[in-house]
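Written below as structure tokens is the structure these notes are about.
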Amino acid sequence: MRTISKIVTVLFLATLLLIPATPVAAKGNWDGKVIFGDTFTLKSGESLNGDLVVMGGVVMIENGATVNGSVVLIGGTLTIEGEVTADAVLVGGTATLSKSAHIHGNLVTIGGNIQGRDEARIDGEVISNLPAPEITIPAPSAPESPARPALPIRQNAVANLFLTIGRIVVVSLLALLAMLFLEPQTQRVAHAITRQPLIAGATGLLIIALLPLAVILLSITIVLIPVALLIVLAVILAWLLGVIALGLEVGIRLTNAIHRQWPIALTAGFGTFLLMTALELLNLIPCVGWLASLLVGLAAIGSAALTVFGSRPYPPAAPAETVLFPPSDGPAG
């Protein structure tokens with residue numbers, strides 16, 4: 001029963017991350033609120049109708065305030081003195097519960113720190129720090145048995161789910177940061193991957209095919225081992241920049257489809273989240289699920305290489321045509 005509750009909580013957290021961000025300071029009827037690295041206080045007598053998601057921010061729910069939904073903290077600081085009508089989920093960060101705090105649902109912590117948990121009123125279960133993956137490898141079978149020895153590996157499905165969600169969230173957050181510092185470069189890579197997808201994919205395939213040979217040749221000489229490591233790091237960064245650029249394109253097309261205008265950073269982060277989620281779901285398809293991730297990865301690496309990490313456009317702009325005037329025959333006589 002506890003395992004089922006954990007799985008439901010994780011799925012609920014993943015659903016909350018799909019909620020687009022709304023303005024931070026507000027009062028009245030709202031359908032949830034997402035706070036990115038900001039400060040928010042729900043004052044006494046106020047109520048928030050919907051879920052409250054905090055990502056790296058500082059949130060205070062005063063005594064007499066009510067959150068008609070769940071509260072999810074991903075990093076940051078959360079203080080609850082009021083009432084939460086559903087679950088409270090803490091993924092990292094620090095939460096403080098006062099004596100007047102009342103949580104109607106479950107209290108789940110994943111690597112976070114909660115103070116005052118014993119003093120607060122919690123109607124549901126208290127699930128503290130989910131277990132790490134468990135891998136059991138049996139001893140080798142005796143040689144007298146002609147049958148092939150089975151090596152079952154039991155992995156914790158909940159932990160794998162957390163690793164997948166964590167990977168998606170990390171790449172999405174990196175997309176937000178990329179728009180703050182590398183917006184022109186990311187747009188050039190996105191232009192290349194959408195205008196020349198076949199050339200980008202072929203370039204990425206060529207790079208991946210030559211990468212092992214280049215690393216082996218450079219590793220033969222000890223002095224060039226750091227160069228080999230830098231090449232591998234450059235390919236990883238190229239993949240990351242290309243995926244973020246493709247996520248930006250997904251976010252732009254999504255906002256155009258729903259006729260909404262979001263900040264460029266949020267557009268890139270949300271689009272990357274959707275792209276990574278789609279790829280992870282496709283990976284669940286047996287035999288062919290990995291093909292989508294491979295094609296996207298090759299196109300991402302190739303587009304970053306064609307644009308030299310977004311430093312120049314691809315295809316390059318056509319040079320301006322030079323107009324040659326014919327020589328004059330002199331004045332007509």
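The values are calculated or read from the model by the stated rules, or taken from the named source; none is laboratory data. If you're wondering where the values come from, they're calculated on a predicted model, not measured in any experiment. Ideal geometry is used to build each Cβ from the backbone, glycine not excepted, and the neighbour counts take in all protein chains shown.
The rows are residues; the columns are (1) under 14 Å from LEU173 (Cα atoms); (2) touching a strand residue (DSSP E or B) at 6+ places or on another chain (Cβ under 9 Å); (3) β-branched (Val, Ile, Thr).
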{"site": "ASN256", "(1), (2), (3)": "no, no, no"}
{"site": "THR267", "(1), (2), (3)": "yes, no, yes"}
{"site": "PHE273", "(1), (2), (3)": "yes, no, no"}
{"site": "ASN283", "(1), (2), (3)": "no, no, no"}
{"site": "ALA292", "(1), (2), (3)": "no, no, no"}
{"site": "GLY297", "(1), (2), (3)": "no, no, no"}
{"site": "ARG312", "(1), (2), (3)": "no, no, no"}
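Looking across region 268-311, the residues that are touching a residue at least 24 places away in the same chain (Cβ under 8 Å) and either among the β-branched types (Val, Ile, Thr) or at positive phi (or both) come down to THR272, THR277, VAL296, ILE301, THR307, PHE309, GLY310. Scoring GLY32 on the criteria (1) under 30 Å from MET276 (Cβ atoms); (2) of a type outside the set (Val, Ile, Thr); (3) modelled with pLDDT of 75 or more leaves a single failure, condition (3). Put simply, of VAL84, VAL53 the only residue that is closer than 13 Å to VAL34 by Cα and either in contact (Cβ under 8 Å) with a residue 24 or more places away in the chain or surrounded by 24 or more Cβ atoms within 10 Å (Cβ to Cβ) (or both) is VAL53.
Filtering region 242-266 to residues that are crowded, with 22+ Cβ neighbours inside 10 Å and without any contact (Cβ under 8 Å) to a residue 40 or more places away in the chain leaves only GLY251. The set of residues in region 192-237 being of a type in the set (Ser, Thr, Tyr) and part of a helix (DSSP H, G or I) consists of THR194, THR203, SER219.
Out of the residues in region 275-317 meeting the condition of being among the hydroxyl-bearing types (Ser, Thr, Tyr) and either surrounded by 16 or more Cβ atoms within 10 Å (Cβ to Cβ) or under 18 Å from VAL250 (Cα atoms) (or both), tell me which one is modelled with the lowest pLDDT. Restricting to residues being among the hydroxyl-bearing types (Ser, Thr, Tyr) and either surrounded by 16 or more Cβ atoms within 10 Å (Cβ to Cβ) or under 18 Å from VAL250 (Cα atoms) (or both), the top hit is TYR314. Going by the conditions given, is ILE222 among the hydrophobic types (A, V, I, L, M, F, W, C), without any contact (Cβ under 8 Å) to a residue 40 or more places away in the chain and either assigned by TED's automatic domain parsing to the domain that holds ALA300 or surrounded by fewer than 17 Cβ atoms within 10 Å (Cβ to Cβ) (or both)? Spelling it out, ILE222 is indeed among the hydrophobic types (A, V, I, L, M, F, W, C), without any contact (Cβ under 8 Å) to a residue 40 or more places away in the chain and either assigned by TED's automatic domain parsing to the domain that holds ALA300 or surrounded by fewer than 17 Cβ atoms within 10 Å (Cβ to Cβ) (or both). In region 79-107, of all residues being hydrophobic (A, V, I, L, M, F, W, C) and under 22 Å from the mean Cα position of the chain (by Cα), the one that is modelled with the highest pLDDT corresponds to ALA88.
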